[in-house]
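Engineer: I have a structure here, written as structure tokens, and I will follow up with some questions on it.
The values are calculated or read from the model by the stated rules, or taken from the named source; none is laboratory data. These numbers were taken from a predicted model, which means no experiment stands behind them. No Cβ is skipped: glycine too gets one built from the backbone with ideal geometry, and neighbour counts run over all protein chains shown. Surface accessibility is based on the protein's heavy atoms, side chains included, excluding ligands, DNA and RNA. Shrake-Rupley method; radii C 1.70, N 1.55, O 1.52, S 1.80 Å.
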Amino acid sequence: MIIPNKLKPQDTVATVSISFGTANIFPNRYTAGINELKKKFNVSVKEMPNSLKSHQWLQDHPEARAQDLINAFEDENVKAIICNIGGNDSVRIIPYLNDDVIKNNPKIFLGYSDATAIHVHLYKLGITSYYGPTVMAGFAENGGMQKYSYECLKQMICEEGAAKFYPNKEGWTNEFLDWGKPENQLIKRKLNTECKPRLLQGSKNVSGHLIGGCMESLELLKGTPFFFRPNDFNGAILFLELSDINLGSNYFMKCLRNYGLMGVFDKISALIIGRPGEFFDDMSRLDAFDEYTKRVVSTEFNHPELPVISRMDFGHTEPMMTLPYGQIAKLDINDLSLEFENK
């Protein structure tokens with residue numbers, strides 16, 4: 001894997017809307033994220049030409065979204081590309097991408113959720129990208145970027161040498177505060193100290209390259225040329241997360257079962273699962289997700305030895321760690337940490 005050059009003070013960062021046009025709908029939220037990005041990382045920001053257009057326009061013009069991404073990779077002054085937010089159709093821009101431009105100009109690409117499709121594409125091109133905060137969900141966190149999110153991201157995209165992520169100890173949040181009310185931007189969301197990461201099964205520390213992403217986005221890719229190749233799962237640590245807990249544990253189980261039918265659990269070295277997204281206040285709902293996970297992996301597909309950790313701090317939760325595609329991670333099942341050489 002090619003690891004892009006680290007982000008440095010005074011560098012230029014490009015922002016793109018590769019899927020949903022939320023920046024146009026909630027400009028105050030977008031501005032808050034841009035200001036936090038500049039403040040925390042001391043960078044300048046270049047908004048790509050179509051990044052602030054309406055959702056309908058972006059939906060109707062996947063080729064324009066792709067061109068923004070191509071131009072950002074091609075621009076030698078741009079050192080990192082950050083998604084404004086996710087959505088549900090970034091896969092539509094892949095046919096319009098210029099892979100030669102991307103391969104010849106590798107650089108940091110950051111985002112999560114529907115950005116999964118682009119992450120998988122970059123991984124298959126041999127370029128490490130980063131599953132982490134977006135401008136509007138992460139950088140624009142109410143009251144400022146969460147310390148854990150910032151520190152994990154900084155370790156991964158700014159600092160040389162090894163990085164190690166432990167489970168966040170300061171609490172997490174999924175509290176709903178309406179982005180349409182600018183006054184909410186200054187209100188810090190309440191932190192919940194329950195629902196810490198949980199080891200569901202496994203007794204050995206393992207290592208492997210990271211692949212995965214948002215489960216709904218990956219479901220769109222299955223059966224297409226844009227999905228992972230069968231050998232990509234060999235020895236991998238597979239990370240999966242669900243954007244909306246209200247899709248239900250039954251949907252989650254069916255997605256997991258599909259990975260089992262593909263033989264994925266025969267190949268990977270571990271499975272790590274992020275805390276589901278969207279607001280919920282009944283923590284017992286997560287017990288069903290854990291129960292179905294063990295049922296599918298251990299009982300239905302006969303892998304009780306496979307290390308599985310649930311409720312981890314990545315994806316549609318806040319704060320979140322930043323996960324590097326294709327990088328070797330060491331998973332310690334005793335303290336539930338992930339360590340990377342990061343070089």
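Engineer: For ASP178 paired with ASN205, estimate the spin-label separation in nm (one decimal), with each label point 7 Å from Cα along the Cα-to-Cβ line.
Structural biologist: The two pseudo-label positions are separated by 5.0 nm.
Engineer: If you roll a 1.4 Å probe over the chain with all protein chains in place, what percent of the accessible area is carbon or sulfur?
Structural biologist: Looking at the chain in its full context, I get 48 percent from C and S.
Engineer: A further question follows. Starting from the Kirkwood Rh over alpha-carbon pairs, what translational D in µm² s⁻¹ does the chain have by Stokes-Einstein at 4 °C and 1.567 mPa s?
Structural biologist: Answer, rounded: 65 µm²/s.
Engineer: In a Gaussian network model over the chain where Cα atoms closer than 10 Å are linked, find which of GLY208, GLY223, GLY274 has the largest mean-square fluctuation.
Structural biologist: Evaluated over the chain, the most mobile residue of the options is GLY223.
Engineer: Averaged per residue, what accessible surface does region 26-94 expose to a 1.4 Å probe, in Å²?
Structural biologist: 43
Engineer: Which pairs break 28 Å Cα to Cα here: LYS103/LYS196; LYS53/LYS79; LYS46/LYS196?
Structural biologist: LYS103/LYS196; LYS46/LYS196
Engineer: A follow-up question, please. At a Förster radius of 41 Å, what calculated FRET efficiency corresponds to the Cβ-Cβ distance of LEU52 and ASP266, to the nearest 0.05?
Structural biologist: FRET efficiency, LEU52 to ASP266: 0.35.
Engineer: Cα axis of helix 147-157 to longest principal axis of the chain: angle in degrees, 0 to 90, nearest 10?
Structural biologist: Approximately 80 degrees, to the nearest ten.
Engineer: Let me ask another. Given the pairs LYS267/LYS294; LYS154/LYS181; LYS6/LYS124; LYS190/LYS294; LYS6/LYS330; LYS40/LYS169, which span a C-alpha to C-alpha distance of over 27 angstrom in this model?
Structural biologist: Over 27 Å Cα-Cα: LYS154/LYS181; LYS190/LYS294.
Engineer: Let me ask another. Let me know the Rg and Dmax you get for region 165-269 when you use only its Cα atoms, in Å.
Structural biologist: Rg and Dmax of region 165-269, Cα atoms, are 17.4, 50 Å.
Engineer: Exactly which trypsin sites (Lys or Arg not before Pro) in region 182-216 are in a DSSP loop and have at most 13 other Cβ atoms within 10 Å? Walk me through the numbers on the way to the answer.
Structural biologist: Details: sites: LYS188, ARG189, LYS190, ARG198, LYS204; in loops: LYS188, ARG189, LYS190, LYS204.
For trypsin sites (Lys or Arg not before Pro) across region 182-216 that sit outside H, G, I, E and B with at most 13 neighbouring Cβ atoms in 10 Å, the list reads LYS188, LYS190, LYS204.
Engineer: Among CYS255, MET320, GLN59, whose Cα projects farthest towards the positive end of the dipole of the chain, with charges put on the beta-carbon of Lys, Arg (+1) and Asp, Glu (-1)?
Structural biologist: So the residue we want is MET320.
Engineer: Report the extension gain between ASP282 and LEU247 in nm, rounded to one decimal, defined as 0.36 nm multiplied by the number of residues separating them, less their alpha carbon distance. Don't jump to the answer; show the numbers that get you there.
Structural biologist: Values: separation 35, 0.36 × 35 = 12.60 nm, distance 1.50 nm.
My answer for the length gained is 11.1 nm.
Engineer: Answer rounded, prolate or oblate for region 139-211, using the Cα gyration tensor with square roots of eigenvalues a ≥ b ≥ c: rounded when a/c is under 1.5, else prolate when a/b is larger than b/c, else oblate.
Structural biologist: Since a/c reaches 1.5 but b/c is at least a/b, the shape of region 139-211 is classed as oblate.
Engineer: Any idea what angle helix 249-261 forms with the longest principal axis of the chain, computed on alpha-carbon atoms, 0 to 90 degrees, nearest 10?
Structural biologist: Orientation of helix 249-261: about 80 degrees from the principal axis.
Engineer: Give me the percent of Cα-Cα pairs in region 227-343 that sit more than 22 Å apart, rounded to a whole number.
Structural biologist: 34
Engineer: Still on this structure: Place a point 7 Å from Cα of ARG198 in the direction of its Cβ. Which residues in region 243-270 have their backbone N less than 20 Å from it?
Structural biologist: Zone members listed by number: 243-257, 270.
Engineer: Can you give the longest stretch of the chain with no exposed loop site, where a site means GluC sites (Glu not before Pro) in a DSSP loop (not H, G, I, E or B) with at most 15 other C-beta atoms within 10 Å?
Structural biologist: After excluding every exposed loop site, the longest remaining stretch is 195-277.
Engineer: Rounded, prolate or oblate, given the Cα gyration tensor of region 37-188, with a/c below 1.5 counting as rounded?
Structural biologist: oblate
Engineer: Helix 62-74 versus the longest principal axis of the chain: what angle, 0 to 90°, nearest 10, using Cα atoms?
Structural biologist: It is inclined by approximately 80 degrees.
Engineer: According to the square roots a ≥ b ≥ c of the eigenvalues of the Cα gyration tensor, what is the shape class of region 1-100, taking rounded for a/c under 1.5, prolate for a/b larger than b/c otherwise, and oblate for the remainder?
Structural biologist: On the way: a/c = 2.18, a/b = 1.16, b/c = 1.89.
The shape class here is oblate.
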